[in-house]
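Read through the structure below, which is laid out as structure tokens, and then see the notes.
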């Protein structure tokens, strides 16, 4: 058995954005040579040189995954605001993380919005809701995927 992490870019179909008109982003097809390129090539700190950004309070991001770890990366700076990250919102006692991406200076690298290695190995649902100010999502990394375990099936689902 092998335990791995998987990275999902902000354009991955596993990640669902409420009302896409509230989000701005670069079109990755504008620079097809940047796929899997390093920041030395793209000149961008963002994974795959893309991100999704909004300043509309109440917009949501949702995705499902199976694993024990979750890392969500985005941006930080003086114009960034608060957000709420909820893990497993459908259960009676979901985990709710009140996050803040504000910092006095603009970040020079992607910012860890949330991270944990302490989840039960199970299927999880995640919902991130913006509370005001700017919010930027770059990538999601899922940890603790047990490739090769008996009965292992890699199943990616997204919430409509």
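Just one of the numbered conditions (1) modelled with pLDDT under 90; (2) in a strand (DSSP E or B) is not true of residue 44; which one?
All conditions are met except number (2).
So how many residues does the range 104-131 have that are within 23 Å of residue 22 (Cβ to Cβ) and surrounded by fewer than 13 Cβ atoms within 10 Å (Cβ to Cβ)? Walk me through how you get there before you give the answer.
Taking the range 104-131 first, the residues within 23 Å of residue 22 (Cβ to Cβ) are 106-107, 110-111, 113-114, 125-131.
Among the residues that remain, those that are also surrounded by fewer than 13 Cβ atoms within 10 Å (Cβ to Cβ) are: 106.
Residues in the range 104-131 being within 23 Å of residue 22 (Cβ to Cβ) and surrounded by fewer than 13 Cβ atoms within 10 Å (Cβ to Cβ): 1 in total.
Conditions tested, residue by residue: (1) free of Cβ contacts under 8 Å to residues at least 40 places away in the same chain; (2) touching a helix residue (DSSP H, G or I) at 6+ places or on another chain (Cβ under 7 Å); (3) farther than 14 Å from residue 137 by Cβ.
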residue	(1), (2), (3)
56	no, yes, no
62	no, no, no
70	no, no, no
109	no, no, yes
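The values are calculated or read from the model by the stated rules, or taken from the named source; none is laboratory data. Source: prediction; values computed, not measured. Don't worry about glycine lacking a Cβ; one is built from the backbone with ideal geometry, like all the others, and counts go over all protein chains shown.
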